[in-house]
Amino acid sequence: MNCALHSSQIRQGSRGERWARQIGQITLICLGALSVAGQPAPSWPLQIKVNPGTVVGHISPDFLGFGYETSAVAQTNYFSATNTTLIQLYRNLGSNGLIRIGGNVSDHTRFMPDGQPAPRTERELTVINRQSLADLAGFARATGWRVMWGLNLGTGSPAEAAEEAVAVAAALGDRLQSFEIGNEVDLHGGYHE
């Protein structure tokens, strides 16, 4: 069986960045085409052909992203303009992307403006403060990436979430892409009829 796809994003921009995106796109399309419901997995050789001269679609330059638990922001000097190694790794991937801060820990996080940052697991309370947010903002500006921020819906109050949202928006400014209200809210209970 042949699964031939053609792509041309390699011609534009950074070869490494484009190539990684193309391989992911091609793999997903081929696997999707082969995984028809009820069909057994093929037992014959599979051949994938890539023609860099043909355009089949465009991937947005800011398609790339990483997700982190909120506790990563509470770690001193991790997301910081002084973490030049991590900044360079992000820049190597591209000048646009999305950093998602949230995960399970976001529903066990408190913003305490002058509190002591405390990175914890979801079984304990993670604390972020003004400096944590300022450091994240510096990191985002240094990389050119934007941030999606997860607010606490699981264990916090609406007033605490509003205070956190105001602080995040003030710190990140134009680096804020969006807010996520809670993580896996279907698991909190009380939302089903």
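The numbers here are math on the coordinates, done by the rules we state, and not lab data. Model, not experiment: these values are computed from the prediction. Please note: Cβ atoms are built from the backbone with ideal geometry, for glycine as well, and neighbour counts cover all protein chains shown.
Computed over neighbours whose Cβ is under 11 Å from that of SER71, the net charge equals -2, Lys and Arg +1, Asp and Glu -1. Using a simple spin-label model with pseudo-atoms 7 Å out from Cα toward Cβ, THR84 and GLU180 lie 3.2 nm apart. For the pair THR155 and ALA134 in one chain, pulling the backbone fully straight at 0.36 nm per residue adds 5.1 nm over the alpha carbon distance. When peptides 114-122, 53-61, 90-98, 142-150 are sorted by average Cβ neighbour count within 10 Å, with the highest value leading, the order is 142-150, 90-98, 114-122, 53-61. Spacing of the modelled spin labels on ARG123 and GLN47, each 7 Å from Cα toward Cβ, amounts to 5.4 nm.
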